[in-house]
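The structure under discussion appears below in the form of structure tokens.
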Amino acid sequence: MSSKDANMKRNGSFNKNYANVSASIFEASPFFDKRDIVQVKYEMVRAASRGEGSIYEIAAAHGFSRKSYYQTSKAFESGGLCALVPKKTGPKGPTKINCEITAYIEGYYAEHPKAGVNEISEALKEEKGVKVHPRTIYRHVKKNQPTIKQ
């Protein structure tokens, strides 16, 4: 694996389906790399804007569905080239730690500075009826309180 491939995998821009890219532009010049998903998406939108075929044909030649083409095109129109860079999927943060739970954890820890995360988790479950894993509490509190017990 080349260092370019490793970098693209690290930053999330490696096209895992590069074998499905059959657009002639990627065969014509070594500059065009079908393993770079950002470049493939850009060239797909560019080919469509130049009227190089139907949306279905263009999307298929770039290894995408027609629906994916429209999503990519919309993203490019609204956010430019940066919008073509893949984003991390899934949850972006803790789902149970909201403002109320944060205030409770910080208040409990202020009143009981020697409390461990298991104790805080149990107190949350008893008083608020919310089950939060001790590790989640640990990560939250560690940002502000470096001496928390695990």
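No value in this document is a laboratory result; all are computed from the given coordinates. From a predicted model like this one, the values you see are computed outputs, not experimental measurements. Cβ sites come from the backbone with ideal geometry, for glycine too, and all protein chains shown count toward neighbours.
Return the lysines within reach of LYS4: Cα separation strictly under 25 angstrom, same-chain partners fewer than 8 residues apart disregarded; answer none if there are no such residues. Answer for LYS4, where 25 Å is the Cα cut-off: LYS16, LYS34, LYS41, LYS87, LYS88, listed by chain and number. Labels on offer are [x] 19.1; [y] 16.8; [z] 16.1, and the one holding Kirkwood radius over Cα pairs in Å computed from this structure is [x].
Neighbour counts of other Cβ atoms within 10 Å put THR89, THR72 in the fewest-to-most order THR89, THR72. Applying the criteria of a DSSP loop state and at most 13 other Cβ atoms within 10 Å to the chymotrypsin sites (Phe, Trp or Tyr not before Pro) of the stretch 1-75 yields PHE31. Gain on full extension, evaluated as 0.36 nm per residue between ALA110 and VAL85 minus their Cα-Cα distance, stands at 4.7 nm.
Where only DSSP H runs of four or more residues are counted, the chain gives -15500 deg cm²/dmol as its mean residue ellipticity at 222 nm, each run worth -39500 (n - 2.57).
Would you kindly state the longest site-free stretch of the chain, with sites defined as trypsin sites (Lys or Arg not before Pro) in a DSSP loop (not H, G, I, E, B) surrounded by at most 14 other Cβ atoms within 10 Å?
Working: sites that count: LYS16, ARG50, LYS87, LYS88, LYS92, LYS96, LYS114, LYS128, LYS131, LYS143.
Answer - 51-86.
For LYS142, the aspartates and glutamates whose Cα falls under 12 Å of its own Cα, not counting residues fewer than eight places away in the same chain, are GLU106.
Each residue of the stretch 101-116 was assigned a 3J(HN,Hα) from its phi angle through the Karplus curve 6.51 cos²θ - 1.76 cosθ + 1.60 (θ = phi - 60°); the sequence is 5, 4, 4, 5, 4, 5, x, 5, 5, 5, 6, 10, x, 9, 5, x Hz, with glycine and proline shown as x.
Rounded to the nearest 20 debye, the dipole magnitude of the stretch 99-142 is 280 debye, with +1 charges on Lys and Arg beta carbons, -1 on Asp and Glu beta carbons, and the Cα centre as origin.
Rounded to the nearest 20 debye, what is the charge dipole size of the chain about its Cα centre when +1 sits on each Lys and Arg Cβ and -1 on each Asp and Glu Cβ?
Numbers: 25 positive and 15 negative charges, 48 e Å.
For the chain, the charge dipole is close to 240 debye.
In order along the stretch 29-43, phi translates into HN-Hα couplings of 9, x, 5, 7, 10, 6, 7, 9, 4, 5, 5, 5, 5, 4, 5 Hz, rounded to whole numbers, per the Karplus curve 6.51 cos²θ - 1.76 cosθ + 1.60 with θ = phi - 60° and x for Gly and Pro.
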